[in-house]
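K.L.:
This structure is in structure tokens; I'll ask about it shortly.
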Amino acid sequence: MFEPWPYVTPQVAFILIYVICFALGLAVGAMLSWHLYLVARGYSSVEKHDASTYKRVAASRGETFVNAYDLGTRKNFALFFNITQTGHPWWVLLTPLKTLPYTNGHAWIRRHGYEHGHGGIRDEDELTDQEDD
């Protein structure tokens with residue numbers, strides 16, 4: 001009824017496919033881990049890069065750098081995914097629905113007491129341009 005498959009696929013091709021899939025899985029897993037860490041700490045990629053400079057500048061003055069956007073891991077994830085009282089329920093994360101952010105993308109909630117900037121950093125130390133309001 002069925003004829004045998006007349007073609008031969010080299011075993012090296014299967015091994016190569018598995019190696020590539022493993023390498024890509026590691027790369028995607030590392031990127032996922034890194035971005036989850038950034039969300040948990042309230043950083044963007046650029047802010048995390050700038051934070052090392054800010055920490056050094058603040059330490060040279062005997063001060064401590066405080067990230068104004070770090071509201072705590074749980075609250076950071078809730079705001080990132082907009083799982084708040086006025087946002088979406090938690091189960092929306094399990095669906096492919098479009099979820100809007102809790103803000104307009106230009107202004108973000110800051111830690112209480114740091115509404116005007118990061119702790120340990122003065123205006124002249126800022127590495128990124130601030131928009132004039």
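The values are calculated or read from the model by the stated rules, or taken from the named source; none is laboratory data. None of these values were measured; they are calculated from a predicted model. Quick note on the areas: whole protein, heavy atoms, side chains included, nothing else; ligands and nucleic acids left out. Shrake-Rupley method; radii C 1.70, N 1.55, O 1.52, S 1.80 Å.
K.L.:
Within segment 1-56, what whole-number % of the accessible surface is contributed by carbon and sulfur, with the 1.4 Å probe and all protein chains included in the calculation?
P.N.:
Numbers: 3610 of 4850 Å².
Roughly 74 percent, rounded to a whole number.
K.L.:
Filter the DSSP H helices in the chain by two things, a Kyte-Doolittle mean of at least 0.5 and an axial alpha-carbon span of 15 angstrom or more, and list the hits by number. Can you show the working numbers first?
P.N.:
Values: long enough: 11-41 (45 Å, 1.80); 45-60 (24 Å, -0.82).
Within the chain the helices that satisfy the rule are 11-41.
K.L.:
In addition: At 1.4 Å probe size, with every protein chain present, just tell me what the per residue accessible area of the chain comes to in Å². Mind showing how you got there, number by number?
P.N.:
On the way: 10940 Å² over 133 residues.
On a per-residue basis, the chain sits at 82 Å².
K.L.:
Please report, largest first and rounded to whole Å, the three semi-axes of the ellipsoid equivalent to segment 58-100, where each semi-axis is the square root of five times an eigenvalue of the C-alpha gyration tensor.
P.N.:
Equivalent ellipsoid semi-axes, largest first: 34, 9, 7 Å.
K.L.:
Given a 1.4 Å probe and the protein chains all in place, what does the accessible area of Y7 round to, in Å² to the nearest 10?
P.N.:
The accessible area of Y7 comes to roughly 150 Å².
K.L.:
I'd like the accessible area for D123: 1.4 Å probe, protein heavy atoms, all chains in place, Å² to the nearest 10.
P.N.:
So the heavy atoms of D123 present about 130 Å² to solvent.
K.L.:
Over the Cα atoms of segment 30-118, how large are the radius of gyration and the largest Cα-Cα distance (Dmax), in Å?
P.N.:
Computed over the Cα atoms of segment 30-118, radius of gyration and Dmax are 14.9, 48 Å.
K.L.:
Go ahead and estimate [θ] at 222 nm for the chain from helices alone: -39,500 (n - 2.57) per DSSP H run with n ≥ 4, summed, over the residue count, rounded to 500.
P.N.:
Value at 222 nm, helices only, nearest 500: -14000 deg cm²/dmol.
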